[in-house]
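Okay, structure first, notes after.
Please treat every number below as a calculation from the coordinates, not as lab data. Everything numeric in this text was worked out from a predicted model, so none of it was measured. Methodologically, a virtual Cβ is constructed for each residue, glycine included, from the backbone with ideal geometry; neighbour enumeration extends over all protein chains shown.
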Amino acid sequence: MKLRLSLKTIAPMALAATLVAGTVAVRAQDAPGGGPNKVEISNEGKEVYETICQACHMADAKGGGGAGAAIPALAGNKNLASKDFIVNILLKGRGGMPWFYDMLSHKQIAAVATYVRGHFNAYAEPVTEADVDRLAAGAKASPKDCSTC
Ligand code: HEC
């Protein structure tokens, strides 16, 4: 087996491993239930953010630069004016940003998108589950449509 891992690929992988470990820990504490591949955390956007996103985007959502991969700020981010923009990123990923299509429920994606838009920006209009359903219908055709995979 050929190993062609660069630092750029290892850094997100290490984070992903941490994430998986975190998920298992959360699962062990929680009562069984819910979809098999969904993260068993609450549907609160704040909790989803703190459990998953803040590892990369930081608690203040100002992003940061890790080993090779720059992480964009989500606070004061004009791209987030569009609900579709953040939902599509969460469904499909992009570059070093993992996709959460098969990890978070549509409800959790809607909640975290609402939280990030409202808490770190001033976009008050909530992202609904219906918004995620609509965009996921398009994403289903190519869920792995991402430049790193
Ligand atoms: C493993 C690290 C990692 C995690 C976890 C992560 N992100 Fe990201 N995110 C990134 C990186 C890296 C980018 C830049 C992607 C690129 O190369 O274009 C990014 C980009 C984004 C963007 C696009 C920003 C822009 O203006 O272009 C949004 C929105 C976003 N992330 C939201 C989230 C949310 C919400 C979560 C939690 C559900 C999350 N991310 C979890 C690493 C991460």
Length-normalised contact order of region 68-138, Cα under 8 Å, at least 6 apart, in percent, tallies to 32
If I model a spin label at LYS62 and GLU125 as a point 7 Å from the Cα along the Cα→Cβ vector, what separation in nanometres do I get?
3.0
If I stretch the segment between ALA73 and SER42 completely, what's the gain in nm (0.36 nm per residue apart, minus their alpha carbon distance), one decimal?
8.7 nm
